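All of the numbers you see were taken from the coordinates with simple rules; none came from a lab. Predicted, not measured: the structure shown is a model, and the values here were computed from it. All Cβ positions, glycine included, derive from the backbone under ideal geometry; neighbour counts span all protein chains shown.
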Amino acid sequence: MKSSPHRHTSAYVDLDAIRNNINKFRNHIGEQAEIWGVVKANAYGHGAVRVSKAVSDLVGGFCVSNLDEAIELRNNLVTKPILVLSGIVPEAESIAIATSFNITLTAPSLYWLKLLVQQAVDCSTLKIHIAVDSGMGRIGVCDVHEANEMIELADKSGIEVEGIFTHFATADEADDTKFKSQQERFSALIEGLSHRPRYVHSTNTASALWHTSQVQDIERLGVSMYGLNPSGKVLDLPFEIEPALSLVSELTHVKKVPKGETLGYGATYETKEETWIGTIPIGYADGWIRQMQGFNVLVDGKFCEIVGRVSMDQMMIKLDQNHPLGTKVTLIGQDQENEITATDVADWRGTINYEVLCLLSDRIVRTYK
Ligand SMILES: *Cc1c(COP(=O)(O)O)cnc(C)c1O
């Protein structure tokens, strides 16, 4: 979608806040492990290139979800190691891209590695991290023999097994039964390896915050770098972090509506009295989805209800009084005394703060502080 800078619906991203959050995380985990910044999905909506460049000196590398995200970073002169976390089909073209851009791939099975070495392309400078499925059920090997066969095959083919990692399914929950079982399976597998790769890693934000006992060479830091609690409001953070993104729009139309008029598609809202109604240029095509009807925004520091269905490009809010066109409307962030967080939005929608930020579409301009 086309970025629309003339519309004044903008996501303000505070790069210093992201740096501060990484530094606080560093204090929490100590000096031992490298921190790799997870900047997949356009850095959770914050802008992968800008974020990566801003934090490059604080991290050992970056994690992305696919080759194109990695290429974008390389083309913008990000030189730190980049690991593609998701599985990809090992075609010759992908392998050639990975080796020429120095992008590390995740190897999810022996079958995958066998396919890879059969491709008509030189893979002798390729680096891989083996994924271990310790109970997430997404990608990876479950069996130490399979992992060892992968190490052997990689050795024969000149591929460097630089790392091995797993991913936890419940690190953000209070009940740690499943977490412990995953941890035990991963540790057992690591102990059975014929040779320990340079990087053994398992932690996302939540496991690093609330589970300290694992040996880590890399901490894969995602959501907390952007200032959000991975558990939403379930578990308390051991230190304060600052949300880096705020979402702001403006009033483009204000009118007094008589009692008994309906607003928006489906006529789902009816005014109970004479009401000041404002219109804002943001809608579900921006990722501000229809479920937001009934939630609030902030105008002049006061909560204002979203009334009527959110349409594709615009939505209406109930105002306490007339306001001039161009008046700032805060959808995520602080305005005077009050604040709306991505987690508040997520709770309203019955989802997680990650999803709220990732859904913000490219039409919303990112502005950097
Ligand atoms: C997305 C992702 C992370 C980062 O998770 P956060 O909860 O945002 O810290 C880490 N590891 C893997 C494998 C991921 O897919």
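Observations on the structure shown:
- All positions within the stretch 210-228 that are within 9 Å of the ligand (Cβ to nearest atom) and part of a helix (DSSP H, G or I): Val223, Ser224, Met225, Tyr226
- Unmet criterion (only one of (1) in a helix (DSSP H, G or I); (2) touching a helix residue (DSSP H, G or I) at 6+ places or on another chain (Cβ under 9 Å); (3) away from the ligand (no atom under 13 Å from the Cβ); (4) of a type in the set (Gly, Ala, Ser)) for Ser207: (3)
- Note on the stretch 38-53: among residues that are assigned to a helix (DSSP H, G or I), at negative phi and more than 10 Å from the ligand (Cβ to nearest atom), the one that is surrounded by the most Cβ atoms within 10 Å (Cβ to Cβ) is Val51.
- Lone qualifier among Val144, Val121, Val117 - being in contact with a Cys (Cβ under 7 Å, 6 or more places away or on another chain) and surrounded by fewer than 20 Cβ atoms within 10 Å (Cβ to Cβ): Val117
- For the stretch 158-186, the set of residues classified as buried (at least 17 other Cβ atoms within 10 Å of the Cβ) and among the small types (Gly, Ala, Ser) consists of Gly163, Ala171, listed by residue number.
A quick yes/no check of all residues on (1) in contact with a helix residue (DSSP H, G or I) (Cβ under 6 Å, 6 or more places away or on another chain); (2) assigned to a loop (DSSP other than H, G, I, E, B):
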| position | (1), (2) |
| --- | --- |
| Lys272 | no, yes |
| Gly278 | no, no |
| Ala285 | no, no |
| Met316 | no, no |
| His323 | no, yes |
| Val345 | yes, no |
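- Residue within the stretch 16-28 that is crowded, with 23+ Cβ neighbours inside 10 Å, within 16 Å of the ligand (Cβ to nearest atom) and part of a helix (DSSP H, G or I) present: yes
- Residue within the stretch 240-262 that is hydroxyl-bearing (Ser, Thr, Tyr), within 12 Å of the ligand (Cβ to nearest atom), more than 23 Å from Tyr111 (Cβ to Cβ) and in contact (Cβ under 8 Å) with a residue 24 or more places away in the chain present: no
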